[in-house]
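**Q** Right, I'll just put the structure down here and ask away after.
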Amino acid sequence: MKILMTTSFYPPYHIGGDAVHVKYLAETLAKKGHEVHVLHSMDAYNFKKKEKKNPEKPRKNIILHTLNSPLGKLEPILNYCFGTQEYTMNYFKELVKKEKFDVVHHHNISLLGYNILKKIGHYKNLYTAHDYWLVCHKYDMIKGSDLCLEKSCFSCCLKNKKIYQFFRNSREFKKCINDIDRIIAPSEFMANILKKEFHNVEVVHNFVSETTPNAKVKKIKGYFIFAGVLDKHKGILNLVKVFSELDKKLLLVGAGKLEEGLKKIKTKNIELLGWKNQTELFSLISSAQALILPSICMENNPLIVLESLSLGTPVIGSDSGGIPEIVKKIDKKLVFKKNSTKQLKNIIFYFDRKKYPSKTIKKIYQENFSKKIFLKKYLNIIESCEK
C-alpha cells in the first residue's frame, strides 16, 4: 500500500510520545514493504522548541515531506486558532493528488489544521486520537483537577488562558470530522469518551518493539524509577513526597519545568539523572524494581509503560486515564488513586519484585502491546474501510 501519515511533529523534531508512535508505525509498515510518506511541520517544531537537532536519515520506503511556510511560526499558530491555512492545505492537496495514496492516516494535527481531514480523492481516511483534540479545546478533558463531564468550553478557555477555537462550531469542521472512516483510540478510556459523539471508534492499543538493554548502568540496588516529563501533571510532586518518607531509592529520569526545583531536594534516596538517551533509559528501567507512573492527568496509552513491560519490568500506576488498563494486566493491586500518596506509599512499602517475574511481564507485553498484535488489528481496520 501507499500510505500517508500526517503529524504536527516527527522525530527528531518532536515534543512527545505521539510523534514517536508515528515513527514506530511508519518504520514497521515500511519494513513490511509498504511505501510510507510522512507530512510534518518544521514550523510547528520551531514554534514549540528552540533546541536545534540534527536530521535523521529516514528508513527505506519512508519519504518525508516537511512543511516550511513563508509565514514561519505564524503558520501553525493560525492553524491552531482558525483550523486551516492556505499554505498547509495547498501542500496537502498537491501531495495527495500527486501520490494517489491508498490510506491517509492523521495523527496529532492540531498545528496542521482540521481541513486536512477532508477527503481529497478516494483513499481510506484514518485518525488516531493521541489526545482529546476532537472533543476538547485544551486537548486534555480536564476541568479543575478532574475529568470534564459538563462542557463549558468558552469559560474554561478563559480560565485556563487558552484560545477558544470558534471553528469547532462550524459546519465545515463537522463535515471534515465526518470524512474520517475510522477513529483509532489507543485506550478504552479514550474510546469511551469519543463514543459519546462518534460511532466509528475502534480501540487499538499502542505498541513498542521488544528491546534488549545493552548499556552499563549505575550500580544501584533495589531502586524504583520514573521516566518522563518533570511536570506537575505527571504527579512528580506526590511521588517525591512519598519517597521522602520512605527508605527506598527513587531515580527520576527526564527534564521539564520542575527540574530546577527538584535539584534542590536534599533527600539522599531521590536522585535526579536528567535526560537519558533511549539505550541508557532502557537499561535503567530493566534493572529497576518497578517503573512508577503517578500521573494526575488523563493519560491515554503511554509508551513508557509499554516499554517497561517489554523489558520485563512491572509498573505501578495511578488510576488516571488509560493507565489502569495496562497496569491491571499485571496486578490490580499496583493501581492507586491519583493524588493518594497514602495508597502509593503502601504499594511501594510492601512491593515484592519476586511476585512479578520478568518472564511473566514480557508475556503480558507480547500478548497485548507487541508490534505483531498491533499490526494485525491495524491492517484489519484498513481492510474494513471502504474507499
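**Q** Counting only residues that are within 24 Å of Val229 (Cβ to Cβ), give me the helices (runs of 4 or more DSSP H) lying completely in the range 14-129 with at least 1 of them.
**A** 17-31, 42-48, 74-82
**Q** Next question, about the same structure. Consider only pairs whose beta carbons are under 7 Å apart and that are at least six residues apart or on different chains; among these, list those whose first residue lies in the range 227-239 and is closer than 17 Å to Lys342 by Cα and in contact (Cβ under 8 Å) with a residue 60 or more places away in the chain and whose second residue is surrounded by 17 or more Cβ atoms within 10 Å (Cβ to Cβ) and charged (D, E, K, R).
**A** Pairs that qualify, where the first residue is closer than 17 Å to Lys342 by Cα and in contact (Cβ under 8 Å) with a residue 60 or more places away in the chain and the partner is surrounded by 17 or more Cβ atoms within 10 Å (Cβ to Cβ) and charged (D, E, K, R), are Gly235/Lys338.
**Q** Out of Glu56, Glu94, Glu35, which single residue is among the acidic types (Asp, Glu), in the same structural domain as Asp131 (by TED's automatic domain parsing) and modelled with pLDDT under 95?
**A** Glu56
**Q** Go through the range 240-270 residue by residue and tally those that are touching a strand residue (DSSP E or B) at 6+ places or on another chain (Cβ under 7 Å), free of Cβ contacts under 8 Å to residues at least 24 places away in the same chain and outside any helix (DSSP H, G or I).
**A** 0
**Q** Scan the range 133-150 for residues that are surrounded by 18 or more Cβ atoms within 10 Å (Cβ to Cβ) and touching a strand residue (DSSP E or B) at 6+ places or on another chain (Cβ under 9 Å) and jot them down.
**A** Result: Leu134, Cys136, Met141, Cys148.
**Q** Looking only at the range 176-201, how many residues end up being among the polar types (S, T, N, Q) and assigned to a loop (DSSP other than H, G, I, E, B)?
**A** 2
**Q** Of the conditions (1) among the acidic types (Asp, Glu); (2) in contact with a Lys or Arg (Cβ under 6 Å, 6 or more places away or on another chain); (3) buried (at least 22 other Cβ atoms within 10 Å of the Cβ), Glu307 fails just one. Which one is it?
**A** Unmet for Glu307, out of (1) among the acidic types (Asp, Glu); (2) in contact with a Lys or Arg (Cβ under 6 Å, 6 or more places away or on another chain); (3) buried (at least 22 other Cβ atoms within 10 Å of the Cβ): (2).
Results for (1) crowded, with 18+ Cβ neighbours inside 10 Å; (2) modelled with pLDDT of 95 or more; (3) under 20 Å from Cys297 (Cβ atoms); (4) in the same structural domain as Lys354 (by TED's automatic domain parsing), shown as yes or no for each residue.
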site	(1), (2), (3), (4)
Glu197	no, no, no, no
Glu202	no, yes, no, no
Asn214	no, no, no, no
Lys218	no, no, no, no
Gly228	yes, no, yes, yes
Lys234	yes, no, yes, yes
Leu258	yes, no, yes, yes
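**Q** Which one of Cys153, Cys176, Cys157 is surrounded by 17 or more Cβ atoms within 10 Å (Cβ to Cβ) and either more than 18 Å from Thr7 (Cα to Cα) or of a type in the set (Val, Ile, Thr) (or both)?
**A** One residue alone meets the criteria, Cys153.
The values are calculated or read from the model by the stated rules, or taken from the named source; none is laboratory data. Computed from a predicted structure; not experimentally measured. So basically every Cβ, Gly included, is an ideal-geometry build from the backbone, and we count neighbours across all protein chains shown.
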